[in-house]
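Input: one structure, supplied below.
What follows is calculated from the coordinates using simple rules that are stated; it is not laboratory data. As the structure is a prediction and not an experimental result, all values here were calculated from the model. Because the Cβ atoms are built from the backbone with ideal geometry, glycine has one as well, and the counts that use them run over all protein chains shown.
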Amino acid sequence: MTTHRRLLLPISALVVLLVSACSAPAAATPEATPEATPTTAPAASTPAADPWQLNAAEHRSEVGQEFTYDCPPADESRTDTIWGTDVYTDDSSVCTAAVHAGAITVEEGGEVTIEMLPGEDAYEASEQNGIESSSYGPWGGSFAVVSD
């Protein structure tokens, strides 16, 4: 019986050690957060995402709310993809949609206010102000440029 106890003691210590290691909380990892929110201009000292690539998808559930984006002067190579005309899918580039809608120019940039809208059944393509948009089918969230 003493032999069994000698074996059980190290085994039970090992089991306790393994169980505590498996149930220990995982090391905390920071969640990915955008370095700039679309409602404010990106901080000049922070290497933020290119404002011309920001979209409004994070505001999808905030229908009727308005958000302001800062679109710095750029060149045509900075424009990004958009879907729709006048009403754009919420994953469209806000700054590019603002140029398409005639609110700003790529060369001058500017502050742009959008209003979040519900999704639509279809989005129509067009070419306006040197920007070509694409068509798309049903999408869950939209926005319109309300500043000019």
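What ratio of Cα Rg to 2.2 N^0.38 Å holds for the range 51-145? Provide the component values of the computation, followed by the final result.
On the way: Rg = 11.9 Å, N = 95, 2.2 N^0.38 = 12.4 Å.
Here the answer is 0.95, to two decimals.
Amide H of Trp139: which non-local residues (sequence gap of 5 or more, or other chain) have their own amide H closer than 5 Å, using H built in the peptide plane?
Result for Trp139 returns Glu120.
Simple spin-label model, 7 Å along Cα-to-Cβ: Ala144 to Glu127 in nm?
Distance between label points: 2.6 nm.
Hey, another quick one. Pull up all non-local amide H partners of Ala49: gap of 5 or more, or a different chain, and H-to-H distance under 5 Å with H placed in the peptide plane.
Amide H neighbours of Ala49: Glu35, Ala36.
Determine the dipole magnitude for the range 97-148: charges of +1 sit on the beta-carbon of Lys and Arg, -1 on that of Asp and Glu, nothing else is charged, the reference point is the Cα centre, and the result goes in debye to the nearest 20. Numbers along the way, then the final one.
Numbers: 0 positive and 10 negative charges, 25 e Å.
About 120 debye.
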